[in-house]
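Presented below is the structure to which this report refers.
The values are calculated or read from the model by the stated rules, or taken from the named source; none is laboratory data. Predicted model, so just to flag it, every value in this text is computed and none were measured. Note: ideal-geometry Cβ built from the backbone for every residue, glycine included; neighbour counts use all protein chains shown.
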Amino acid sequence: MILDLASLNSVRAFAQAFLASEPRVFTTGQTANGFDQAFQVNHLGHFLLTYLLLDRLKHCAPSRIVILSSSMHFFGKIDFQTIHKPGEGIWKMLTSYNSSKLANMLHARELANRLEGTNVTCYTVHPGSVRTELGRSFPRWVFQVFGFMKRFRRDSNAGAQTSIYCATEEGIERLSGQYFVDCRPRVPWPQARDDQVAKKLWEFSERLLGLTT
């Protein structure tokens, strides 16, 4: 379907085609697959891509996997009853983001355990506060309250440095599964070091994606 907002005829044609083909309009925070948007975009999608490429990565070893997380994992919580379910409102958006970043940390931890001895390593990265379009759907008051933080944000080049480091730096293979900030390993918050939850999240993700029963 094509939509040209400069043409009212195009707007009418788009609306007609959409209404004829789509039974519903998805609410904010829900993907076409029915999952919470932050959880799917930040965790499930990456989990599936990594899962599907693992055999090739092993074949091409030495290989590396870099997972983008955030220091906001501190505020995250893995509630297997609700983490994948969509919701509405700014609070849900914020908590979903934080929990998805904790999921990134736990994914890397379990992945590193499963890849031990394969010569494939993985790392999680906090890029810093980077100027992106992440908050484009937030209400205006959020920017009014937190607008002062703009001056501390990095550009995309600076934000990419730790990811590049983990992808290319020699000699860090022994640090597989660890968390990096400003090109140095850091100890993550306790909830990101729970091996039992990491294993359960892996199995939970497999079931959601239909990779196992």
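Across region 164-213, the number of residues qualifying as touching a residue at least 24 places away in the same chain (Cβ under 8 Å) and of a type in the set (Lys, Arg) comes to 4. Against the test of being over 16 Å from Arg109 (Cβ atoms) and either in a loop (DSSP other than H, G, I, E, B) or at pLDDT 95 or above (or both), the options Ala38, Ala61 yield a single qualifying residue, Ala61.
Take Lys92 and tell me if it is modelled with pLDDT under 90 and either surrounded by fewer than 20 Cβ atoms within 10 Å (Cβ to Cβ) or of a type in the set (Lys, Arg) (or both). It is true that Lys92 is modelled with pLDDT under 90 and either surrounded by fewer than 20 Cβ atoms within 10 Å (Cβ to Cβ) or of a type in the set (Lys, Arg) (or both). In region 28-46 there is at least one residue matching the filter, namely being over 21 Å from Leu209 (Cα atoms) and either surrounded by fewer than 18 Cβ atoms within 10 Å (Cβ to Cβ) or in contact (Cβ under 8 Å) with a residue 40 or more places away in the chain (or both). Of the residues that sit in region 178-213 and are β-branched (Val, Ile, Thr) and more than 17 Å from the chain's Cα centre (by Cα), which one is farthest from Asp36 (Cα to Cα)? Per the criteria, the residue is Val187. Taking every residue in region 63-80 that is free of Cβ contacts under 8 Å to residues at least 40 places away in the same chain and pairing it with any residue that is surrounded by 16 or more Cβ atoms within 10 Å (Cβ to Cβ) and assigned to a helix (DSSP H, G or I), at least 6 positions away or on another chain, the pairs with Cβ-Cβ distances below 8 Å are Met72/Tyr97; Met72/Asn98; Met72/Lys101; Phe75/Thr95; Phe75/Asn98; Asp79/Ser99.
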